[in-house]
Amino acid sequence: MKQILLTLICALVAFAANAQFKLKNLNNNDGKTTIVVVDDNWNSGSETCCAKFNNDGKTYDATSMVSTQQGNQLSITMTFKRLTVFNDMSITLTVNGQEVNVPINLTEVANQLIGYKLLVP
């Protein structure tokens, strides 16, 4: 019984420590696509790298990636080549050696991308 309880507690702690990124901004300024995601409960011992932008069935590697931490909030600003069509989007980050998928809802970013082709289902 103690083993089951200990296993459940460890599973809950591991679940709570998972990265929970959400979209903060997406824009096409300065000839590039810039995406900012944030995690409001970031574990300062965690490491993140290797951003990829999945868009319209293609994957794009980040040309730059800058992380900023203030308290428990981590903000990651990623730049990609300039894109003009946005459809079925997500970001894939590597956190502590494991890939984390961050879905991007087109309706959340539609007002930020006036004049671009958005394929909203």
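Per-structure values
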item	result
Surface per residue (accessible, 1.4 Å probe) for region 36-105, Å²	54 Å²
Inter-site label distance for residue 98 and residue 82 at 7 Å from Cα along Cβ, in nm	3.9 nm
Potential lengthening between residue 107 and residue 36 on full extension [0.36 nm per residue; Cα-Cα distance subtracted]	23.9 nm
Region 23-90, accessible surface, carbon-and-sulfur percent (1.4 angstrom probe)	39 percent
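The values are calculated or read from the model by the stated rules, or taken from the named source; none is laboratory data. The model shown is predicted, which means the values in this text are computed figures rather than measured ones. Because the Cβ atoms are built from the backbone with ideal geometry, glycine has one as well, and the counts that use them run over all protein chains shown. Just so you know, the surface numbers come from the protein's heavy atoms only, side chains and all, with ligands and any DNA or RNA stripped out. Shrake-Rupley method; radii C 1.70, N 1.55, O 1.52, S 1.80 Å.
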